[in-house]
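Worksheet for the structure shown next.
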Amino acid sequence: MTDLAIVGLGSMGSAAAWTATKRGLSVVGFEQFELGHERGASHDTSRILRHSYHTPHYVGLTFAAYDAWAELEADSGISLVTQTGGIDFFPPDAAIDMSTYTSSMDVHGITYDVLDVDQVRERWPVFTPPEGTVSLYQARSSIVPAALGTATMQRLARERGAELLDRTKVEAIIPGTDSVTIVTSAGTYTAERVIVTADAWTADLIRPLGWDIPLTVTEEQITYVSLHDPAAYARIPLWIWMDDPSFYGFPCYGEPTMKAAEDCGGPEVTGDNRSGVLDPQMLARLEGFLRTNFSGIGDVLRSKRCLYTLTADRDFVLSTVPGHERVTVGLGAAHGFKFAPAFGDMLVDVALGGDIDPVFTLDRPGITDPNYEANWLV
Ligand SMILES: Cc1cc2nc3c(=O)[nH]c(=O)nc-3n(C[C@H](O)[C@H](O)[C@H](O)COP(=O)(O)OP(=O)(O)OC[C@H]3O[C@@H](n4cnc5c(N)ncnc54)[C@H](O)[C@@H]3O)c2cc1C
């Protein structure tokens, strides 16, 4: 019998397949669309990898994230991590509290620079934040490739014997006493255990097991703009605007453009009714922000849509389904890509009976309390 079945082969499922096969486990993975499709959350060029986080718990996890990316680079022979440095901007009266970041990094001895507006402008003249903005610069922030990183984990898993089936939709997961039956659009399979990494589609797959996971799915939008002086933008760190609305962006990465987006700015959708088309209001908001806080912004070149799947507390899920120990769920809560290679390993641990981190269990107020007030601004 197959040791492990994996439902959903985005970055999380592909990471679980990669790490499980490295441990010698037999794996069958199912993806409803073609591998590398652009209807979920793991496509396009770049994602942010950083130490700067709002709790000591997440900062602690970022060490495993960096180590796992290094392991993936060693295993694949491909350079995947581009260190650029990262700057978090806290404008006057910012909605996000800078001290949650500084105190969390202090706990783990992570060094950073606190910069005022003049120091920022001196180092990176294209940044024009308002007077009174305080910024945190952390040198180790990096860019990791979304589509390439995911495809690399799929390739390595297949090279170690994983059977990855795309255009194969899982229709039902039926836990038994010593195995799990997985009913798909291409037949029925049995495995000892199953890991569900279906992001926006997770709740519908798990509900028949008697466990409701309240998730909010939003359709986000990333945009690439041309630049009057690409060389100046090649030298900037990746950046995050820590206010409401919150924005983030990247230096030039493989092309003389800047990619930027709003965090949690998209309309609520489902995995199946997302529009996939440009949202002019979101674009106008982003453009207005960029032209105010950056110099030398050129034309809008292209935009893409991408799904966020948010838990109310914006914490991950890395947990078996209570009462169904053979079914494990993994959710990155719309900030999981940086952790993907490490997340895959943690998911396999949990699936094999390892301890569940209480912060990421399904059995927590952010999941079970219907009155829990959602907070995504972290
Ligand atoms: C615009 C944007 C920017 C982001 N930026 C960052 C960042 O800078 N840093 C960071 O760390 N994170 C970032 N994230 C979050 C990160 O990308 C996600 O947390 C991560 O990609 C989620 O991966 P996943 O594998 O869980 O989801 P997905 O890639 O969506 O994979 C789930 C897969 O399951 C499949 N599936 C669903 N149901 C079924 C079924 N019934 N049968 C078979 N297959 C099924 C889907 O088709 C899909 O391929 C960003 C996300 C977005 C959208």
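Here the Karplus curve 6.51 cos²θ - 1.76 cosθ + 1.60, taken at θ = phi - 60°, turns the phi angles of segment 354-369 into couplings of x, 5, 9, 5, x, 5, 10, 6, 6, 8, 9, x, x, 10, 9, 8 Hz, with x standing for Gly and Pro. Between S46, Y58, W69, the Cα set farthest toward the positive side of the dipole of segment 28-90 (charges on each charged residue's Cβ, about the Cα centre) is that of Y58.
Backbone geometry of segment 297-314 corresponds, through the Karplus equation with coefficients 6.51, -1.76 and 1.60 at θ = phi - 60°, to 3J(HN,Hα) couplings of 6, x, 9, 6, 9, 6, 9, 9, 9, 7, 9, 9, 10, 10, 7, 4, 9, 6 Hz, x marking Gly and Pro. With contacts taken as Cα pairs under 8 Å and at least 6 residues apart, the chain reaches a relative contact order of 23 percent. Each listed q (0.32, 0.34 Å⁻¹) maps to a log10 I(q)/I(0) for segment 184-226 from the Debye sum over equal C-alpha point scatterers, namely -1.21, -1.23. Couplings for segment 207-216, taken from phi via the Karplus curve 6.51 cos²θ - 1.76 cosθ + 1.60 with θ = phi - 60°, read 3, x, 8, x, 10, 8, 10, x, 10, 10 Hz in order; Gly and Pro are left as x.
Projecting the Cα atoms of V180, L136, C252 onto the charge dipole of the chain, computed from C-beta unit charges around the Cα centre, puts C252 farthest toward the positive end. Taking 20 °C and 1.002 mPa s as conditions, the chain diffuses translationally at an estimated 101 µm²/s according to Stokes-Einstein applied to its Kirkwood radius (Cα pairs).
If you run the Gaussian network model on the chain, springs between alpha carbon atoms under 10 Å, then out of S14, S42, S295 the most flexible one is S295. Each of D178 and T190 was given a label point 7 Å from its Cα along the Cα-to-Cβ line. The distance between the two points is 1.0 nm. Computed over the Cα atoms of segment 126-195, the ratio of the radius of gyration to the Kirkwood radius (Rg/Rh) comes to 1.31. Diffusion coefficient (Stokes-Einstein, Kirkwood radius over C-alpha pairs, 37 °C, 0.692 mPa s) for segment 127-279: 167 µm²/s, rounded to a whole number. Each Lys and Arg adds +1 at its Cβ and each Asp and Glu adds -1 at its Cβ; summed about the Cα centre, segment 1-125 shows a dipole of about 320 debye.
In the context of the full set of protein chains, residues of the chain present 39 Å² of accessible surface per residue (probe radius 1.4 Å, heavy atoms only).
The DSSP beta bridges internal to the chain are antiparallel in roughly 75% of cases.
Springs between Cα atoms under 10 Å define the GNM used for the chain, and in it the highest mean-square fluctuation of A70, A342, A333 occurs at A70.
Only helices enter this figure: runs of n ≥ 4 DSSP H residues, each worth -39500 (n - 2.57), summed and divided by the residues of the chain, yield -8000 deg cm²/dmol at 222 nm to the nearest 500. Split the accessible area of the chain by element, probe 1.4 Å, and carbon with sulfur accounts for 51%. Computed extension length for E34-A231: 67.2 nm, one decimal, from 0.36 nm per residue of separation with the Cα-Cα distance subtracted.
The values are calculated or read from the model by the stated rules, or taken from the named source; none is laboratory data. Quantities reported herein were computed from a predicted structural model and do not represent experimental measurements. All Cβ positions, glycine included, derive from the backbone under ideal geometry; neighbour counts span all protein chains shown. Quick note on the areas: whole protein, heavy atoms, side chains included, nothing else; ligands and nucleic acids left out. Shrake-Rupley method; radii C 1.70, N 1.55, O 1.52, S 1.80 Å.
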